[in-house]
Structure formats: C-alpha cells, structure tokens
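Data first, discussion second: the structure below is written as structure tokens.
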Amino acid sequence: MDAVISLFDTGVDLVFSLYTFIIRWLMPLLAFAVLLRSILPLWQDRKHKKTWAFLYLVNGDRIPVNNWENLIGRSKLADIVINLPFISRNHAVLTFHDRHWQITDLGSKGGVLVNGEKADKKTAVNFGDTITLAGLDMTLLPPDDEREAVENNDEENSYSFSHATSSITFLLVIVFQVLGALQICISRGTGKNAAVPAAFLVFILAECIHYVLMRRRSKKSFVLELLGYFLCGFSLLIVASAAPGALYKQLAAIIAGMVVYTILEAVIADLGRAQKIKYVFMAVAAVLMLLNLTIGETYFGSKNWINLGFITFQPMELVKVAFVLAGTATLDRLLTTRNMTAFIAFAGACFVTLALIRDFGTAVVFFGAFVVISFMYSGDIRTLFFVVSAAAFGGFAAVSFMPYIAARFAAWGNVWQYADTSGYQQTRTMIAAASGGLLGVGGGKGNLYRVAAADTDLVFGLLCEEWGLVLALIVVAVIVFFTVHAVFSTKNCRSSFYAIAACGSAAIFLLQTTLNVLGSVDILPLTGVTVPFISNGGTSMITSWGLLALIKSAEW
Amino acid sequence: MKLLSTRTAVLMLLIVLFVLGLAAFNIRYFNSAFAWAHSHANRHYYKNGMLSVRGTVYDRNGDVLLMLDGESIEFNAEKDVRTAVMHVTGDREGSVSTGVLSALKGRLTGWNLFSGAYSFHKKSRSELTLTIDSGLCRAAYREMKGRKGAVGIYNYETGEIICLISSPSFDPQNPPDVEGNPEKYEGVYLNRFLSSAYTPGSIFKLVTAAAALENIPDIENKHYLCEGRIAIGPDSITCLKAHGRVSLQEALAVSCNTFFAGTALELGAETLQKYAEACGFNNSLEVDGIRTAAGKINLKNAVGADLGWAGAGQYTTTANPLNFMAFMGAIAGGGEMVRPRLIADDSSSFFDFKPGKKVLKRETADKLKAMMRNNTITSYGEEKFKDLELCAKSGTAEVGGGKEPHAWFAGFLDRKDCPLAFAVIIENGITSRAAADVAARVLQEAAKALKQGRNL
Ligand SMILES: [Zn+2]
C-alpha cells in the first residue's frame, strides 16, 4: 500500500484517482439507463387512444373520432376512411377547436351539408347534428359516458405508473450530475473554487423545483423535460471544465430557459391562443432581425451578436422559435389554402438576414428546417426537389464566390494537411476524441479547452475527451431521440399546428447537432453552429428550451 | 393525422443521414484513433513536439536504453552503447522512424482504443523490455569500424532479435551536425538492417540451390564442368577462375557462378521466382509492428544471361537483411521460419501467436544446412568460427558504378544451446571476408556472453 501511495503525492490523490476510475464506468451506465428509460415508453404507451366523439352512420355503424383534426375521405391517408366512390379522396376536415366541432369542405365534388344546409366554409357542428358528405348522412355524437369512465380510470393508472418511473429517472439524472460535478471539483482543485459546487447546487435545486411544478400541473409523460435537465447538466459540466468564468452565466441561462419553456408550453397549450401568439413571435423576430442588421456586432467572422450594454445575445437564435411557428397551420387551413406565401416570405427575410450577417452555418440550419416544414405543409415532393436543388445551386454559388465560406470548405477532407492552419480546430477535436477513448480521461482533465470555441463549436471533441466516446454518443442519441419523439407524437397529435411545430423544432435540433458533430470531426465542413442544450451560450440555451416546448406541445 | 405522419418521412431521412455520418466517423475513429492520439499536437503525450510520457526501455539484461521522465529523454549512460542501439531506440527528434521512440511510441504512451490517454495515476510509467543485448550491439557496432552496413542476430527458435545495429550511427544524447556531414552520415536515420535492400550476390545461390534440390532430379549426384565462363547468346557468365568438375555442394562452397547460372536456366524464371518469393523476397516482415523493407525480385523479363546472372544473385534482385536473416533461420529450423521480434515477453504476441511459417521442405532445409556447414569447413575456415558449428554463405555483390562490391555474410549456428541466425552486410566491403570477420567476432562474443550466463 505504501508503494501505491508513494506514486501519489498524498492519500487524498489516491482517493481522487479511485473516484475518477469508478465514475468513468458509472456515469456512462447511468446515462445509458436514463436514455433507455426514456426511449422504452415511446413504444409501450402509444397504443392508448382517446376517442373524442363518434360518427354514427345510418346503418348503425359508428366511427370513432380520435383526433382534434380529422381528415375524412377515400384516401388511405385519411383519418376517417370512407371507401365509397362518390366520396372525394380528401373530402372534408372535421376539427375540434376551442371546444367546438367544425367541419370544412375541401372542395369536394359531392359537397358537405350540415343539417341539410350547404357548408362551403368552416361550419360549426354540434353534437346531434347531421353531416352529409355527398349524400352520405352521419350524426356526430359524444362518446358514451361509460366508456369514458373506464378510460379515465385506465389513464389514472398509467399516469401514476409514469409518475413513478419518471421520478426514478429524475433521480438517476441528479446522481449523474452530482457525480460529474464532484469529478470537476476534484480535477480542478478542491476548495480553491466554490463556483462549481455552488452552481450545481443551484442548478439541481432549480430542476427539482421545475420538476415538482410541472408534475403538479400536467399529467403528461415527462421524458422530454428529464432529458432536457440531463443535457443542461452536461452543459454545466462542460462550462465548468472549459470556461469556468462563464459558469454562472450558463446557470442563469438554464434557469431562464426553464422559465421560457414553462411559459411557452402553457401559452401554446391552447390552440386558439397559439395561433394568435404565432404572429406576435413573427413580429418580434422581424424586429430582432432588423436590430441585428443595424446594431449587430461581429465576432469570429459573423455579425450575429447584439450588445445592449447589460446583456449580449444572438438574435438569430431566438428567431428560430418564430421561424418554426411561422410554418405552422391547422389541418383545415393546410388543406384548403395550400398557400405558403407568408411562411416563404418570412423564411426569405431570415435567409437574407443570415446572408448579410454572414452566418452560413445557421443559414443551413434554417434551410433544413424550411425543407422539413414546407414538406409537412404541402407534402409535395416535386416542390421539395425543386427547392433543394435550387438551394444546392445557391450554396454552390455561395461557396464559389464568397471567400470566407470557400476558406472553410478548402480544408474539408484534408484537415491533417492543414493541421496548424485552417484544419486546426478539426484536428484538435479528433486528437481530443482519440485521447478520450471510450470512457474519457476524466472530467476536467482534457486539453481541448485550450482551443478556441472548444465549448461551443468543438463541444463534441470536449465531450469525447473528458467523458468518453460512449457518453458523447449517448448525448447525441438524446438529441436524435427528440426528433424521433416529434415523429412519433405526430401520429396522435391534437393538431397539425403542433405536429409541424414539433417537427420543425426537431429538425433544427437535429441539423445543428449534425453540422456541429460531423463538422468538428471533418465528415462535413466546419460551419460553427452549437449543439442544442450542450454548447456554452445563453441565447442558444434559452432557444433550445423554447424549441423543446414546441416538441412537447405535440405530445398527447 | 395520418397525412402529416407520412410526411415526417423527411425528418426520418435526416435522422438516417446523420446516423450514417456518425457511423462514418466511428469507422474512421476505430481505424485512425491511434494516429490521431499520437499526433505531435496531442498535449497528453507531447510537449513542444517531444514525447513527454514517463517510461523506461530496457534491454534483455535490464540495462536501461531509454529513460523518459515527462520532461526529457535520456539514453544509456555509455556513449558507445547508446550509439550502437540508436537505431533501435530512435532519437529525440523522431528522425529514425523505425526506432522505439517513433515506431513503438504506442507502447510508451500506453494508449489504447478503450482507455484512450487515461491513466489511473498521474505519474504512471510504462516499462518496455527489448530482446536486444546492448553489450552485443556495442561489440557489433565497434566491429563495423565506421563502415556502412548492418548486423543482425536472432534466435531462430524464439524469434528474439539479440543484436541489431546499423552503421553509421551517432550519439543520440549529443546529436552531431548530420546535415553538415552528408558523406559521413549518409542515410544515418535509416536502420539499414530493417529498411534497406541490397543486391544479394552469392548469398542468393541458396535460393537457387533450394529450388534445384526440389525441382531437378538427382541434382546432388550430378557433376558439372566449370571452365570459368559460359556463353549464353551474345553474353557470357564468368567465374573468378575455372572451378573444374563441381557438384552442387562444391559449387556452393566455391561460389561457382556458371554452375548456378546453368541451374537457373534449367529451372526457368517462373520456378526461381516462386522459390525466391517463398524464401521471403517481395515480402516485408513486421517486427512488433515495425515494417521492414522488402527485397525485390522480378524475373518476368529475365531470359538468357540475365536469368543466369539472376541465379547467381546478380540481377535487379535485392535482398533486405532482416528478411534474409529470417530465411537463414528458416533453414536452421528445418524449413520453418519463426518471425523475428524485438519486444521481450510480449503479452500481445501471445494472442496473435502465429506458428512458424513453412518456407522450405524439411529435407531441403536439412540438405542446405549440410551444404552450408560444408561451406564453413572447406571455404571460410573453421578455426575462425571455432566451436560455433557455423553454417553460412558469403556473398560479394557487384554494385556497378565504379564502386566496390558489397560484402554479405549470412547463416546460423547449428547448436541447440545457441540457436542463432544472422546476417551481416558491409557496403562496399570489397570482399565477403570483411563481413565474415565481423560475423566471426560478434558470434564469438554472443557465444561468450552465453557462457557467462547472460540469457540470450
Ligand atoms: Zn565456376
């Protein structure tokens, strides 16, 4: 034992080494458990369907109405399929907005009547009313009480179950964060700096309060918030290690993000309110873009900062939320107007702003989200193809004509040849990743923090080096899970408004992560975007929570 | 919501693309992480471009060859030793790419895919024991007397390389002005034993003999009349003198060119090529991860006198000293070649243990062994190699360009208690005797060391 201790300066060092040795294994296991516990319910709980009403046919058959927005028609993709030759493929949309049922004719040949009166535009339908689709009569009636009671009972059980599971997952998340914080304290010298334990204490307290508040308010599953906490904890670990000076700022951003999330989630829960608030967001975004163009300041080649003296922020980050909302529409509107002019105009304004402030990476993210949203909106593959090829051409032109972008592409694929010039950041990221192995060298013991933007653009390398490839991939998997979650919740979504908002937000998360991770390791050109929730940066953090609220809104 | 649900396919497509990109990164990671981690920019391992890990490299007797303490790299205390083993240890600047400091840096850093650069305690040291005997290396280097060339000896039963020197060398503790003395330090960063390939000259006759033994019926009892020269087409093959009536064994002992030229023509280019490749030509070996240069042979266009000269080792063919030494080991080992290695008690070689590679038929190997023993007795002088049971072949390789020929001497000791195979090459050594003299003294030294109880 003496011989062992003599290798260390003191016995304390030995204890610290042992601690790092153990958590290198323990933390990936914990993170994996958190991920697994979050993923599994996605496959289990989805069979549960709530019936809002029934459509009774003349022959006595009844059709359950399971969504707030139901496409009725002959098409296989209709929610209520009526396979009769005189029914149009997309005949009508039956919606439940603001506690009222309404039906909208989608320009069908046979027409729509409500109680025998022609319903050209959106027409209210009350329980007991007769809807006639091209001569086919059906009556809208509420679900029978008995059934509902049984179902509610079911729900109570399943919700209390999910309460228990989510509190265990939450506990795992907290344990993970405590272990990580202790590791940083150890490797950055104990006692000398109280900022790390203080920041983590406040953070854990904040997430506990948020957890209790949210749980009390909502009976929905709690997976997204828990994973949000998990990622935020990781961003604190990264900031504590790479930029300790920004620790409190990041902590404040996380708390602000949680507040934004809570408010936004509550505000848009009501569809009518959400549709109105969308225009407020777009107006604010327009102001932010104008401000950025006029008083924006340039850092690292992009003029994407605003300095208000007491606070600096990146307006285009905040615009992302408005951008996603701008593309949303309820199903009836989506199928009647098919008019995307407002969204395209808004997107155009965003692209012009991004081009003027020379933020190429963010432009790619916006464009990707634009493609996803416009496809969700129109479902038109030809338009999609046209848009993508036009963008590819535009991108090509941008790369060829703009030297500052061309420089970034020049090193792409050959970063080791330019290891100390234009490939500096990528090679250092790969060196860091290789140094970390699968389990990392231990939090706070890396070297990548010496490289500029290690905690933002190169954060994947920092994750790999200090916490290992396994944990880095789990973090990436969590963000991919957000996207899968958005896809899954679209199936049973209340409104296409939320479905588009969720998928658009998920697209932004996914594209940012793709560009950041693959860019920093030279699979893609380095474009300098952040990883949502993970990278150091206040505006990015708040935006991430905002977008998460939109993903959450689609959940039922 | 079915309609919108189908339209989320575009999002799924983005996920698939991202996952594919991640897979591409992971494949690159698993293939290249070693190289990334050992980039000179990695602060875990390098400071100002110099290896900054802690570790010690020992020779087989526990003598320190290299001492790394994180700040500096120290070599053996004795100048002659560190000069002799410089090509094995490498230099501080990493100019010797086959040295431990470059080629085996992974052993010093301890990096692996699983743990990366993690170490349990801050001051962890790596320990590496090599198979070489530094005293023997010093002796061999002294025997070279500044001439350019290389000496290598290995145990053909265990594969351990006990002597590996390349001349010229320099003191890595106090590196000289190499660029200022291009003549003196020509190719000094090259380990000539591992990374060079020379015209083999007469030592190649062993390959021709092996092919003849297996392909020409009753070759051992045939006799041939050497008149000192034979004409093949417009060209001719010559011997130093007319050797008269010679058998295969006698032809090998006197190194009769015309005999082996005739044999090569009888065998044909294809057969000779096949045997040369089996004996290690056109093949590089890996010594604990250090790749050797390959000797080259290409007889595709060799006809007439060219093929004849090729049979006598004088064509475009080249031989790498280490590969040829391994071929000697194969003859000694009854046709089976044990791969030479440099790292002692290597746990990793336990896992990728490969049985000896079959190079020759056992009886062919034994016949060659007997003939090589006869070479020593009748041609090289048994008194010089007293008690060594030496089996060998000398070679004088004409290099043209008005330069003196290279001197080769290669073979093995047919002794159970001292199973050593060796190769010596002296550039422009004039006669093969020069190489034989070096071999004699170094092998005697090795035998003496063995008697003294140094575990060879
Ligand atoms: Zn002759």
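The values are calculated or read from the model by the stated rules, or taken from the named source; none is laboratory data. As the structure is a prediction and not an experimental result, all values here were calculated from the model. Reconstructed Cβ throughout: ideal geometry from the backbone, glycine too, with neighbour counts over all protein chains shown. Calculation scope for accessible area: heavy atoms of the full protein, side chains included, ligands and nucleic acids excluded. Shrake-Rupley method; radii C 1.70, N 1.55, O 1.52, S 1.80 Å.
Listed here are the residues, each with its yes/no results for (1) open to solvent by less than 10 Å² (accessible area, probe 1.4 Å); (2) within 17 Å of the chain's Cα centre (by Cα).
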{"position": "B:Gly262", "(1), (2)": "no, no"}
{"position": "B:Ser284", "(1), (2)": "no, yes"}
{"position": "B:Ala294", "(1), (2)": "no, yes"}
{"position": "B:Thr317", "(1), (2)": "yes, yes"}
{"position": "B:Ala330", "(1), (2)": "yes, yes"}
Return yes when B:Phe204 is within 16 Å of the ligand (Cβ to nearest atom), out of contact with any strand residue (DSSP E or B) (no Cβ under 6 Å at 6 or more places or on another chain) and of a type in the set (A, V, I, L, M, F, W, C) and no when it is not. yes
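Table: residues versus (1) assigned to a helix (DSSP H, G or I); (2) within 11 Å of chain B (Cβ to nearest Cβ); (3) surrounded by fewer than 24 Cβ atoms within 10 Å (Cβ to Cβ).
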| site | (1), (2), (3) |
| --- | --- |
| A:Ala452 | no, no, yes |
| A:Ser489 | yes, yes, no |
| A:Phe497 | yes, yes, no |
| A:Asp522 | no, yes, yes |
Here the residues within the stretch B:71-118 that are in a loop (DSSP other than H, G, I, E, B) and within 14 Å of another protein chain (Cβ to nearest Cβ) are B:Gly110, B:Trp111, B:Leu113, B:Phe114, B:Ser115, B:Ala117, B:Tyr118
Does B:Phe34 count as open to solvent by less than 30 Å² (accessible area, probe 1.4 Å) and either free of Cβ contacts under 8 Å to residues at least 40 places away in the same chain or aromatic (Phe, Trp, Tyr) (or both)? no
Selection count where residues are open to solvent by 10 Å² or more (accessible area, probe 1.4 Å) and within 19 Å of the chain's Cα centre (by Cα), scope the stretch B:356-395: 5
Taking the criterion of being within 28 Å of the chain's Cα centre (by Cα), within 12 Å of another protein chain (Cβ to nearest Cβ) and open to solvent by 10 Å² or more (accessible area, probe 1.4 Å), would at least one residue in the stretch A:430-447 satisfy it? yes
Can you tell me which residues in the stretch B:231-284 are within 23 Å of B:Asn221 (Cα to Cα), touching a strand residue (DSSP E or B) at 6+ places or on another chain (Cβ under 8 Å) and aliphatic (A, V, I, L, M)? B:Ala242, B:Val246, B:Ala251, B:Leu252, B:Val254, B:Ala261, B:Leu265
If you go through the stretch B:60-70 one residue at a time, how many are at positive phi and assigned to a strand (DSSP E or B)? 0
Can you find a residue that is within 8 Å of another protein chain (Cβ to nearest Cβ) and part of a helix (DSSP H, G or I) anywhere in the stretch B:43-59? no
Candidates A:Gly504, A:Gly546, A:Gly528, filtered to the one that is over 30 Å from A:Gly245 (Cβ atoms), out of contact with any Ser or Thr (no Cβ under 7 Å at 6 or more places or on another chain) and touching a residue at least 40 places away in the same chain (Cβ under 8 Å): A:Gly504
Inside the stretch B:212-259, can you point out the residues that are assigned to a helix (DSSP H, G or I), free of Cβ contacts under 8 Å to residues at least 60 places away in the same chain and within 9 Å of the ligand (Cβ to nearest atom)? B:Ala251, B:Asn257, B:Thr258, B:Phe259
Under 9 Å between Cβ atoms, at least 6 apart or on separate chains: pull out the pairs that start in the stretch A:213-227 with a residue that is touching a residue at least 24 places away in the same chain (Cβ under 8 Å) and within 18 Å of A:Leu42 (Cα to Cα) and end on any residue that is open to solvent by 50 Å² or more (accessible area, probe 1.4 Å) and in a loop (DSSP other than H, G, I, E, B). A:Lys220/A:Trp556
Is there any pair with a first residue in the stretch B:179-197 that is over 20 Å from B:Leu164 (Cβ atoms) and a second that is part of a loop (DSSP other than H, G, I, E, B) whose Cβ atoms are under 8 Å apart and which are 6 or more apart or on different chains, and what are they? B:Lys184/B:Pro168
Looking at the stretch B:129-175, which of its residues are of a type in the set (Phe, Trp, Tyr) and not in a loop (DSSP other than H, G, I, E, B)? B:Tyr141, B:Tyr154
